[in-house]
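**Student:** Just dropping this structure here.
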Amino acid sequence: MKSYLSITKYTILVCTALLITACSKEPVKQPDSEKSQALVLLRGLPTLDTKHSVAIIELDPESAKFGEILQDYELSNLAEPLHHLYYSPTGRLYATGLDINCSLAEIKLVRDLNGAPLIKGHHCLDTQGQVIGEDIMWHTSNGKEYMFVTFMGGGGLDQADGGSVGVFDPQTNDVVKIISARKSQVDAGKPYIMYPHGISAYKDRMVIASTIHPDLKTGVGSTITIIDLNSLSPIETITVEDAKPVGFPSSPVEVLFVRPSIVENVKPGVLVNTMFGFETWYIPFNEADKTFAEPVKIYNGVDEGTGVPLEFYGTKDELFISHAIPGVVKRYKLSSLPELVSSGPDIKAELGAHHMIFYPSSSGRKLIAVQNNLLNLGNQADNDPTDIDFIAKVNDHSLTIHDLTSSKRLKTINFKEKYNKGIENIEALFGSGFIHHH
Amino acid sequence: MKIKQACYLLLAVTLMIVTAEYYQSKPRPTALNGFSAPFVYGQFTTPQNNPLTNEAVALGRRLFYDPLLSGNNKLACSHCHQQKLAFTDGMKNSMGVSLKPLSFNTPSLVNLMWGPQHFFWDGRVNSLEEQALLPIINVDEMDQNLDELIDELKAVEQYQRLFSKAYGAINKQNIAKALSAFQRTLISANSKYDQFLAGTIKLTDEEEFGRKLFVAHPDVKASLRGGNCIDCHSQFLTSGFNTKYDGFTNNGLDNEEQLLPGLQAVTGKPEHKGLFKVPSLRNIALTAPYMHDGRFNTLAQVMDHYNEGIKLSSTLSPLIVEANNIVNGNKKKPSLNLSMEEKKAIVAFLHTLTDEQFIINTKFSDPFLQEIKIE
């Protein structure tokens, strides 16, 4: 009788379990709005045994999934991570890369049965030997559209004054031309291209910034170079430097060609952030004779208590500039450019404040997420061989999420603590994000 | 003690019966195989209670092609929505069983999970499920009594099997769900334009010129010429926008006196008078005649409309009024002022929206014909 009873109990148990599984196997769940999702490039940290990856992450502070990685697409064959993400005007996703074998890649995104984005693959493009891809922009030259990519390492890291701009067919990804002019190979006083990073353009003039040799010790730049887009060749190199607050050359990093399509009726000119000069400069452009005037310093970090200015990002009415030290994003009225007229309190991020995205929460609150990392090199404290003291200090490995109206911080995600990875770059899913970056 | 044991036993037996029943009757549909959609089409959702499954889609496809769905058993959905014409019928005004011309032109059924999620030209239904039974009961379309239809379907062994695998019972809701599931899979994403977007081909110079005009807002000051089409027909899908009624506008087909109610018939708002759904332009070269009443026979006529045929009315879209390629254009006579060559280029671009695979894809074609072939 005893065993009989236990069989009965057992049957009840099994039936109940089966019923529960039957109920829980309901149809696929509906996706959350993807406006608050972002793509991030993550760096595996050698001492923490993690792999480089491209990930999709939820950033809505109102969502239960806040901070969750929805897909982590590992780049297991890359020794160095991908560096910056960009969408082409036709919606294709590209990334520049730090790995010598993958300086530029196209990433394939599709949608799954739930309508959710899915990273389906990536392939490294032929750059004809150009290495350390930095920024990408799409622009026309002689009526034809091209994809322009700055390669900070140019033809190889062994070149002390390397660097190039790759011109690609935006359909086939084939190299159309490599624009290079090494300082050691051009006559004195002639324009040259060295360690190019930032890139921007207006009509037939393109401007690139000379930043630093990718090994961070061979050399540092102090100039910007103008490229004539009719001939696809450099025509002028302009020094953007005076005081040297840390003893290094100024290291211009990002540039923005302020132009009427960004600011209505503005007189065009170039904004330059100098990474080691801690300054922002303005170079007026005379459209009539296509000449650039003397650079003028319009922001001095030493006076303002900021250092290592990095990115320019714009929304419909504001310009945002990130400063890695002490980790702030300053905001200005777009309509007042080229003057930097404050439009709100500083966004207090973390050391390394760098890339950013703009997006709404599910209740419609306007937000900004700031990626805080200058370069994702390791930290000596972890016995990490890639440690470079100065840079390790400006790496918070985090994303900070702030209310865009008040600048107030709402949330922080520390990738090193949460995922044992660093965060290199952030980009919104296509269709939102920022308006002016280059 | 005895009573307690008996109770346990009773409970066990009941549970066993219930569980067995559950597992037997509850269909176990499987997630649709081989699904993929372009990322740039954007996010989509399917109703929680009608996910895309192999079983639902197979059933829906059969229903879509089955004349049993009409009162005289002669006319299927596919009579008016023919695959070779991207699910249109080539008629100015379609005709159903009553042979009375319908007041609207048959729209293409394509990429229905994106774009406005209000269906029909005037947006009067809010889901495909809600739409699916309407042509069946409409006296001028299929003129079928739904209870009779259910009896007819129940008499077919294959339908008993298909319904039980996909949903369970043969009823109105499940007929509507199946038709909707099938229609959601009608994704066209392999046109020349899609191949261009994926980077696998190049457009000809004329097509590329047309594409640029299609996506550009004319800006006279910046000497940028444009056709302004993506203000309403989105860049990738070429359909209207999906938020609320953003995908409904008045594109200047009629003057105030001739203006039909359009969206106003649904919302009652005077500012919605004469607003119609912005249709997808996918496979547009196959879906003539054009507009809600099929008034234009060719794409050249459509271009002439946007270029020089805009009629003024109180609800005419300001996007149409503002778009002009010449300085000081006459606001009383809105025109794009495009050249012949520019109009031709836009038409050349519209032809790149034809998806040759979509119109022969056997997943979307008549299952009855395939069965005959197999026999």
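The values are calculated or read from the model by the stated rules, or taken from the named source; none is laboratory data. Note that the coordinates shown come from a computational prediction; the quantities given were computed from them, not determined experimentally. When we count neighbours, we look across all protein chains shown, and the Cβ atoms used for this are built from the backbone with ideal geometry, even at glycine. These accessible areas exclude ligands, DNA and RNA; they are computed on the full protein's heavy atoms, side chains included. Shrake-Rupley method; radii C 1.70, N 1.55, O 1.52, S 1.80 Å.
**Student:** Hey, any hits in region B:199-209 for a residue that's away from every other protein chain (no Cβ under 12 Å), open to solvent by 60 Å² or more (accessible area, probe 1.4 Å) and in contact (Cβ under 8 Å) with a residue 12 or more places away in the chain?
**Tutor:** Checked region B:199-209: at least one residue is away from every other protein chain (no Cβ under 12 Å), open to solvent by 60 Å² or more (accessible area, probe 1.4 Å) and in contact (Cβ under 8 Å) with a residue 12 or more places away in the chain.
**Student:** Follow-up question, since we're still on this one. Identify, please: which residue in region B:149-185 is touching a Pro at 6+ places or on another chain (Cβ under 7 Å) and open to solvent by less than 50 Å² (accessible area, probe 1.4 Å) and is, among those, farthest from residue B:48 (Cα to Cα)?
**Tutor:** Only one residue tops the list, namely B:168.
**Student:** Can I ask one more? Do we find a residue being assigned to a loop (DSSP other than H, G, I, E, B), modelled with pLDDT under 95 and polar (S, T, N, Q) anywhere in region B:87-95?
**Tutor:** yes
Rundown of residues vs (1) open to solvent by less than 60 Å² (accessible area, probe 1.4 Å); (2) within 25 Å of residue B:187 (Cβ to Cβ); (3) assigned by TED's automatic domain parsing to the domain that holds residue B:213; (4) under 18 Å from the mean Cα position of the chain (by Cα), yes/no style:
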position: B:325; (1), (2), (3), (4): yes, no, yes, no
position: B:332; (1), (2), (3), (4): no, no, yes, no
position: B:336; (1), (2), (3), (4): yes, no, yes, no
position: B:342; (1), (2), (3), (4): yes, no, yes, no
position: B:347; (1), (2), (3), (4): yes, yes, yes, no
position: B:361; (1), (2), (3), (4): yes, yes, no, yes
position: B:364; (1), (2), (3), (4): yes, yes, no, yes
position: B:369; (1), (2), (3), (4): no, yes, no, no
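**Student:** Still on this model: All but one of (1) within 14 Å of chain A (Cβ to nearest Cβ); (2) of a type outside the set (Val, Ile, Thr); (3) surrounded by fewer than 23 Cβ atoms within 10 Å (Cβ to Cβ) hold for residue B:193; state the number of the condition that does not hold.
**Tutor:** (3)
**Student:** Of the residues B:82, B:117, B:144, only one is within 14 Å of chain A (Cβ to nearest Cβ) and either surrounded by fewer than 18 Cβ atoms within 10 Å (Cβ to Cβ) or at negative phi (or both); which?
**Tutor:** Unique residue meeting the criteria: B:117.
**Student:** Restricting the search to region A:236-281, which residues are of a type in the set (Ser, Thr, Tyr) and away from chain B (no Cβ under 14 Å)?
**Tutor:** A:237, A:239, A:250, A:251, A:274, A:280
**Student:** Next question. Can you tell me which residue among B:29, B:51 is in a loop (DSSP other than H, G, I, E, B), within 8 Å of chain A (Cβ to nearest Cβ) and either more than 22 Å from the chain's Cα centre (by Cα) or at pLDDT 95 or above (or both)?
**Tutor:** It is B:51.
**Student:** Condition check: among the polar types (S, T, N, Q), in contact with a helix residue (DSSP H, G or I) (Cβ under 7 Å, 6 or more places away or on another chain), farther than 30 Å from residue B:66 by Cβ and crowded, with 17+ Cβ neighbours inside 10 Å. Does residue B:317 satisfy that?
**Tutor:** no
**Student:** Right, something else. Output the number of the condition that residue B:153 fails; it satisfies all remaining conditions of (1) assigned to a helix (DSSP H, G or I); (2) in contact (Cβ under 8 Å) with a residue 60 or more places away in the chain; (3) more than 17 Å from residue B:72 (Cα to Cα).
**Tutor:** In the conditions (1) assigned to a helix (DSSP H, G or I); (2) in contact (Cβ under 8 Å) with a residue 60 or more places away in the chain; (3) more than 17 Å from residue B:72 (Cα to Cα), residue B:153 misses (3) alone.
**Student:** Moving to a separate point now. Considering only residues that are within 14 Å of another protein chain (Cβ to nearest Cβ), open to solvent by 10 Å² or more (accessible area, probe 1.4 Å) and among the aliphatic types (A, V, I, L, M), which ones fall in region A:28-58?
**Tutor:** A:28
Listed here are the residues, each with its yes/no results for (1) assigned to a strand (DSSP E or B); (2) within 26 Å of residue A:33 (Cα to Cα).
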site	(1), (2)
A:319	yes, no
A:322	yes, no
A:332	yes, no
A:335	no, no
A:340	no, no
A:359	yes, yes
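**Student:** Sticking with this one: Name the pairs: first residue in region B:54-80 and acidic (Asp, Glu), second residue open to solvent by less than 40 Å² (accessible area, probe 1.4 Å), Cβ to Cβ under 6 Å, at least 6 apart or on different chains?
**Tutor:** Correct list of pairs: B:55/B:166; B:66/B:76.
**Student:** Out of the residues in region A:74-102 that are open to solvent by 20 Å² or more (accessible area, probe 1.4 Å) and within 21 Å of residue A:58 (Cβ to Cβ), state the one that is farthest from the other protein chains (Cβ to nearest Cβ).
**Tutor:** Taking the candidates together, the pick is A:74.
**Student:** Another one. Based on what the data block shows, is residue A:140 touching a residue at least 40 places away in the same chain (Cβ under 8 Å), out of contact with any Asp or Glu (no Cβ under 8 Å at 6 or more places or on another chain), within 14 Å of chain B (Cβ to nearest Cβ) and polar (S, T, N, Q)?
**Tutor:** So residue A:140 fits the description; yes.
**Student:** Then there is this: Determine whether region B:275-294 contains at least one residue that is open to solvent by 50 Å² or more (accessible area, probe 1.4 Å), charged (D, E, K, R) and at pLDDT 95 or above.
**Tutor:** Looking for residues that are open to solvent by 50 Å² or more (accessible area, probe 1.4 Å), charged (D, E, K, R) and at pLDDT 95 or above, one finds none in region B:275-294, hence no.
**Student:** Kindly check whether there is at least one residue in region A:106-121 that is open to solvent by less than 10 Å² (accessible area, probe 1.4 Å), assigned to a loop (DSSP other than H, G, I, E, B), touching a residue at least 60 places away in the same chain (Cβ under 8 Å) and within 14 Å of chain B (Cβ to nearest Cβ).
**Tutor:** Taking every residue of region A:106-121 in turn, at least one turns out to be open to solvent by less than 10 Å² (accessible area, probe 1.4 Å), assigned to a loop (DSSP other than H, G, I, E, B), touching a residue at least 60 places away in the same chain (Cβ under 8 Å) and within 14 Å of chain B (Cβ to nearest Cβ).
**Student:** Another question about this same structure. Take the conditions open to solvent by less than 10 Å² (accessible area, probe 1.4 Å) and away from every other protein chain (no Cβ under 14 Å) and apply them to residue A:233. Does it pass?
**Tutor:** So residue A:233 does not fit the description; no.
**Student:** Considering only region A:59-73, I want to know if a residue exists there that is more than 21 Å from residue A:401 (Cα to Cα), open to solvent by 20 Å² or more (accessible area, probe 1.4 Å) and assigned to a loop (DSSP other than H, G, I, E, B).
**Tutor:** No, region A:59-73 contains no residue that is more than 21 Å from residue A:401 (Cα to Cα), open to solvent by 20 Å² or more (accessible area, probe 1.4 Å) and assigned to a loop (DSSP other than H, G, I, E, B).
**Student:** Does residue B:59 satisfy being more than 11 Å from chain A (Cβ to nearest Cβ) and under 20 Å from residue B:187 (Cβ atoms)?
**Tutor:** When the stated conditions are applied, residue B:59 passes them.
**Student:** Where the second residue is hydroxyl-bearing (Ser, Thr, Tyr) and open to solvent by less than 10 Å² (accessible area, probe 1.4 Å) and the first is more than 13 Å from residue A:124 (Cβ to Cβ) and lies in region A:71-87, which pairs have Cβ atoms under 7 Å and are six or more apart or on separate chains?
**Tutor:** If the second residue must be hydroxyl-bearing (Ser, Thr, Tyr) and open to solvent by less than 10 Å² (accessible area, probe 1.4 Å), the pairs left are A:72/A:53; A:73/A:53; A:74/A:53; A:84/A:96; A:86/A:94.
**Student:** Take region A:249-277 and flag every residue that is within 15 Å of residue A:226 (Cα to Cα) and part of a strand (DSSP E or B).
**Tutor:** A:252, A:253, A:254, A:255, A:256, A:257, A:258, A:269, A:270, A:271, A:272 - these are the residues of region A:249-277 that are within 15 Å of residue A:226 (Cα to Cα) and part of a strand (DSSP E or B).
**Student:** Quick one: count up the residues across region B:194-233 that are part of a loop (DSSP other than H, G, I, E, B) and within 19 Å of residue B:303 (Cβ to Cβ).
**Tutor:** Final tally of qualifying residues: 11.
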